[in-house]
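> Structure in structure tokens, see below.
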Amino acid sequence: MLFRQAILEAVARGDVTLAFRRWQRPTVKAGTGLRTAAGVVRIAAVEPVEERDLSEADAKAAGFADRSALLADLRSDGDRTLYRIALDGIEPDQRIGLRSEGKLSEADWHGLAARFERWDRAKPGYFPSILSAIGAHPGTSAAELARAAGVEKLKFKQDVRKLKELGLTESLETGYRLSPRGEAVLEKLREHRL
């Protein structure tokens, strides 16, 4: 579920409290958060709605001038259901704070090392090799990094997301770079290999 920057700013101000999407099944759930460039959008409710039941107030709460503008924006995608998504503001993305932590506590390091150890059972050294590749080649496309790692691009991107969740990588317009936390983890991994 994507939002334009202007809508994200309006959600943060409290001006936009609804969104409408057509899906075969919802891609967000009530009580969860959706990470965006502006922070984590809190999802309060997700419910099916009939187009005929949309009101002028719904349109304004979704950031549209009127009901006609909202209807014009909604694509009619055959058998897809229309959903009303209630938005409950934006909170800071905790990963951003994690990324800037260039010093790791022993507890942080042990937690991350245990995570890598679990992941490494499937493919030893794979996740540390991703960190090394990103550290050595910031801004390199995911396709190129995936090819070098010998994995499909989609899988590679999913795996980089796991590292991003830990505050270790940051997405660039093309490719990725290590965060200060990611650089600290990579340094620790090098020390422990010696």
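The values are calculated or read from the model by the stated rules, or taken from the named source; none is laboratory data. All values reported here derive from a predicted model rather than from experimental measurement. Backbone-built Cβ (ideal geometry, glycine too); neighbour counts: all protein chains shown. For accessibility, only protein heavy atoms count, side chains too; no ligands or nucleic acids. Shrake-Rupley method; radii C 1.70, N 1.55, O 1.52, S 1.80 Å.
> If we count every other residue with Cβ under 13 angstrom of A136's Cβ, Lys/Arg +1 and Asp/Glu -1, where does the sum land?
So the environment of A136 carries a net charge of 0.
> Please report Rg (one decimal) and Dmax (integer) in Å for the Cα set of region 99-147.
According to the Cα coordinates of region 99-147, Rg and Dmax are 12.8, 34 Å.
> In region 13-100, carbon and sulfur make up what percent of the accessible area (probe 1.4 Å)?
45 percent
> Here's a follow-up. Expressed as an acute angle from 0 to 90° and rounded to the nearest 10, what is the orientation of the C-alpha long axis of helix 153-165 relative to the principal long axis of the chain?
Its long axis makes an angle of about 90 degrees.
> Taking the chain as a Gaussian network, Cα atoms linked when under 10 Å apart, which of D73, D15, D58 shows the biggest mean-square fluctuation?
Highest fluctuation among the options: D73.
> Solvent-accessible area of H110, probe 1.4 Å, all protein chains present, reported in Å² to the nearest ten, please.
Counting only protein heavy atoms, the figure is 110 Å².
> As a test of the formula, what do you get for the chain when each DSSP H run with n ≥ 4 contributes -39,500 (n - 2.57) and the sum is divided by the residue count, at 222 nm and rounded to the nearest 500 deg cm²/dmol?
-13500 deg cm²/dmol
> A further question follows. Averaged across orientations, what area in nm² does the convex hull of the alpha carbons in region 151-194 project?
Result: 3.6 nm².
> Still on this structure: Using DSSP to define loop residues, name the trypsin sites (Lys or Arg not before Pro) in region 85-194 whose beta-carbon has at most 11 other beta-carbon atoms within 10 Å.
Here the trypsin sites (Lys or Arg not before Pro) that fit, given the DSSP loop and packing criteria, are K103, R121.
> Using a simple charge model, +1 on the beta-carbon of Lys and Arg, -1 on the beta-carbon of Asp and Glu, nothing else, what dipole does region 121-192 show about its Cα centre, in debye to the nearest 20?
280 debye
> Considering only protein heavy atoms, what is the solvent-accessible area of R35 at a probe of 1.4 Å, reported in Å² to the nearest 10?
Approximately 110 Å² of R35 is accessible to the 1.4 Å probe.
> Further, regarding this structure: I'd like the accessible area for I90: 1.4 Å probe, protein heavy atoms, all chains in place, Å² to the nearest 10.
About 40 Å², rounded to the nearest 10.
> Taking the Cα centre as origin and putting +1 on Lys and Arg beta-carbons and -1 on Asp and Glu beta-carbons, what dipole magnitude results for the chain, to the nearest 20 debye?
With only Lys, Arg, Asp and Glu charged at Cβ, the dipole is about 680 debye.
> Projected onto the charge dipole of the chain (+1 at Lys/Arg Cβ, -1 at Asp/Glu Cβ, origin at the Cα centre), which of Y126, Q158, M1 gives the Cα projection farthest towards the positive end?
Y126
> Can you tell me the Rg and Dmax of region 51-194, counting just the alpha carbons, in angstroms?
Reported Rg and Dmax, both Å: 21.2, 66.
> What's the whole-number percent of alpha carbon pairs in region 103-181 lying beyond 16 angstrom?
Of all Cα-Cα distances in region 103-181, 48 percent exceed 16 Å.
> Please report the equivalent ellipsoid semi-axes of region 19-60, computed as sqrt(5 x eigenvalue) of the Cα gyration tensor, largest first, in whole Å.
After diagonalising the Cα gyration tensor, the semi-axes are 21, 13, 9 Å.
> Right, something else. Nearest 10 degrees is fine. How inclined is helix 106-120 to the longest principal axis of the chain, computing both from alpha carbons?
80 degrees
> Which order do D53, D66 take by accessible area at a 1.4 Å probe, largest first?
Result, largest first: D53, D66.
> To continue, here is another question. Using the heavy atoms of the protein chains alone and a 1.4 angstrom probe, what is the accessible area of region 105-194 per residue in square angstrom?
Solvent-accessible surface per residue comes out at 57 Å².
> Something else now. Which order do you get for V151, V185 if you rank them by accessible area with a 1.4 Å probe, largest at the top?
V151, V185
> Let me ask something additional. Using Cα pairs closer than 8 Å and at least 6 residues apart in sequence, work out the relative contact order for the chain, in percent.
21 percent
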